[in-house]
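S.K.: Right, I'll just put the structure down here and ask away after.
The numbers here are math on the coordinates, done by the rules we state, and not lab data. Not measured: the values here are computed from a predicted model. Quick reminder, even Gly has a Cβ in these numbers, built from the backbone with ideal geometry, and neighbours come from all protein chains shown.
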Amino acid sequence: MRLIDTHAHLDFEQYDKDRDEVLNRAREIGVEKIFNIGADLESSRRTVELAKKYNNIYAVVGIHPHDADTVNKESLAEIKKLALNNKVKALGETGLDFYYDNSPREKQKEAFKKQLDLAKELDLPVVIHSRSAGEETLNAIDQVADFSANLIFHCYAYGPELIKKIIERDYYAAFGGLITFNSAGEIRKALEKMPLNRILLETDSPYLTPSPNRGKRNEPSYLQYILKKAAEIKKVAPEELAEITSKNAERIYKL
Ligand SMILES: [Zn+2]
Ligand SMILES: [Zn+2]
């Protein structure tokens, strides 16, 4: 069985002491590739370094909506430069987070639009972070350009209504630890509706640790619990879902 963790932050200091062991444990359960995601300029730089160091790590560079006010001409030029590295497979994570509202909403929209424009210019897929802003996220994308089949709604955290619109637009959705939480019935309903060829799996390590390890630091080897739950919801064998979602990841990230 092979798996791909489509979203992790292994450049974070939480892994400084045991990064190699974390990667070994992932390999042992079949995680073949990991996409490390930049959250700001500094972590985007670290992400590219990590991808250069480890064969099975790929990079995504961009600036998170929490840090929208650091998006400017200079930082975008730097992101663009980083994106030229051949291990960089997408732009992100970018989007809108109206749950935490760590940056003013207007600033988030502006930063999101600029990164969508850059992705189009570079012809790269986009990893979208969207929380409590589903409609606004889709509107922002619709206004910029047609990214059909080149967008990932990472850490899908909405119900079955929004997923209909994502399916209509032919985007991908990545499901993570949330689907194992008791309170996440609506997200599970959305996954039930999502066609198999548009589903990705992710851990979002170190966040959103799936059950039964809730409370611990998350890591890519815990993708096995997410796979198990997702397979149950989709009523397919875990091995089959592992293969389908790996192929989906390779398609969207153009490996
Ligand atoms: Zn995110
Ligand atoms: Zn993330």
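S.K.: Can you find even one residue in segment 55-64 that is part of a strand (DSSP E or B), small (Gly, Ala, Ser) and buried (at least 16 other Cβ atoms within 10 Å of the Cβ)?
M.R.: First, the residues of segment 55-64 that are part of a strand (DSSP E or B): 57-61.
This time we only want the ones that are small (Gly, Ala, Ser), so: 59.
Then drop every residue that is not buried (at least 16 other Cβ atoms within 10 Å of the Cβ), which leaves 59.
Yes, some residue in segment 55-64 is part of a strand (DSSP E or B), small (Gly, Ala, Ser) and buried (at least 16 other Cβ atoms within 10 Å of the Cβ).
S.K.: Inside segment 35-47, can you point out the residues that are more than 16 Å from the chain's Cα centre (by Cα) and among the hydrophobic types (A, V, I, L, M, F, W, C)? Even if it seems obvious, please write down each step before you answer.
M.R.: Keep residues of segment 35-47 that are more than 16 Å from the chain's Cα centre (by Cα), which gives 41-42, 45-46.
The answer is LEU41, and nothing else.
S.K.: Now for a separate question. In segment 167-178, which residue that is of a type outside the set (Phe, Trp, Tyr) and within 15 Å of the chain's Cα centre (by Cα) is nearest to LEU138 (Cα to Cα)? Steps first, please.
M.R.: Going through segment 167-178, the residues of a type outside the set (Phe, Trp, Tyr) turn out to be 167-170, 173-174, 176-178.
In the following step, the residues that additionally are within 15 Å of the chain's Cα centre (by Cα) were identified as 173-174, 176-178.
Numbers: ALA173: 13, ALA174: 16, GLY176: 21, GLY177: 23, LEU178: 21 Å.
Looking at the filtered set, the residue picked out is ALA173.
S.K.: I've got another one for you. Is it the case that segment 221-236 has a residue that's within 16 Å of ligand 2 (Cβ to nearest atom) and either of a type in the set (Asp, Glu) or part of a loop (DSSP other than H, G, I, E, B) (or both)? It would help to see each step written out before you state the result.
M.R.: As a first pass, look at segment 221-236 and keep what is within 16 Å of ligand 2 (Cβ to nearest atom): 222-223, 226.
Okay, now just the ones that are also either of a type in the set (Asp, Glu) or part of a loop (DSSP other than H, G, I, E, B) (or both), so none.
So far as segment 221-236 goes, no, none of its residues is within 16 Å of ligand 2 (Cβ to nearest atom) and either of a type in the set (Asp, Glu) or part of a loop (DSSP other than H, G, I, E, B) (or both).
S.K.: With the requirement that a residue be among the charged types (D, E, K, R) and under 24 Å from GLY185 (Cα atoms), what does segment 240-251 give you? Quick ask: steps written out before the conclusion?
M.R.: Pass one, segment 240-251, residues among the charged types (D, E, K, R): 240, 243, 247, 250-251.
Within segment 240-251, GLU240 is the sole residue that qualifies.
S.K.: Hey, can you tell me all the residues within segment 87-111 that are within 15 Å of ligand 2 (Cβ to nearest atom) and over 19 Å from TYR58 (Cβ atoms)?
M.R.: The answer is GLY95, LEU96, ASP97, TYR99, TYR100, ASN102.
S.K.: Any idea which residue in segment 185-195 is surrounded by the fewest Cβ atoms within 10 Å (Cβ to Cβ), counting only those that are more than 13 Å from GLU232 (Cα to Cα) and more than 16 Å from ligand 1 (Cβ to nearest atom)? So that I can check it myself, show each step before the final result.
M.R.: As a first pass, look at segment 185-195 and keep what is more than 13 Å from GLU232 (Cα to Cα): 185-187, 190, 193-195.
Now narrow it down to the ones that are more than 16 Å from ligand 1 (Cβ to nearest atom): 185-186, 190, 193-195.
Working: GLY185: 11, GLU186: 15, ALA190: 26, LYS193: 14, MET194: 22, PRO195: 9.
The residue in question is PRO195.
S.K.: Restricting segment 1-21 to residues that are touching a helix residue (DSSP H, G or I) at 6+ places or on another chain (Cβ under 7 Å) and more than 16 Å from ligand 2 (Cβ to nearest atom), which is nearest to TYR207 (Cα to Cα)?
M.R.: Filtering first and then ranking leaves LEU3.
S.K.: For THR203, state whether it is crowded, with 23+ Cβ neighbours inside 10 Å, more than 16 Å from ligand 1 (Cβ to nearest atom) and not in a strand (DSSP E or B). Give the steps one after another, and end with the answer.
M.R.: Numbers: crowded, with 23+ Cβ neighbours inside 10 Å: yes; more than 16 Å from ligand 1 (Cβ to nearest atom): no; not in a strand (DSSP E or B): yes.
No, not satisfied.
S.K.: Specify which of the listed residues (GLU21, GLU28, GLU93, GLU13) is touching a residue at least 60 places away in the same chain (Cβ under 8 Å), among the acidic types (Asp, Glu) and more than 30 Å from GLY134 (Cα to Cα).
M.R.: Numbers: GLU21 fails: touching a residue at least 60 places away in the same chain (Cβ under 8 Å); GLU93 fails: more than 30 Å from GLY134 (Cα to Cα); GLU13 fails: touching a residue at least 60 places away in the same chain (Cβ under 8 Å).
GLU28 is the lone residue from the list that is touching a residue at least 60 places away in the same chain (Cβ under 8 Å), among the acidic types (Asp, Glu) and more than 30 Å from GLY134 (Cα to Cα).
S.K.: Here is a further query. May I ask you to list the residues in segment 216-232 that are without any contact (Cβ under 8 Å) to a residue 12 or more places away in the chain and either touching a helix residue (DSSP H, G or I) at 6+ places or on another chain (Cβ under 7 Å) or of a type in the set (Asp, Glu) (or both)? Walk me through it before giving the result.
M.R.: First pass over segment 216-232, keeping only residues without any contact (Cβ under 8 Å) to a residue 12 or more places away in the chain: 216, 228, 231-232.
Scanning segment 216-232 gives LYS228, ALA231, GLU232.
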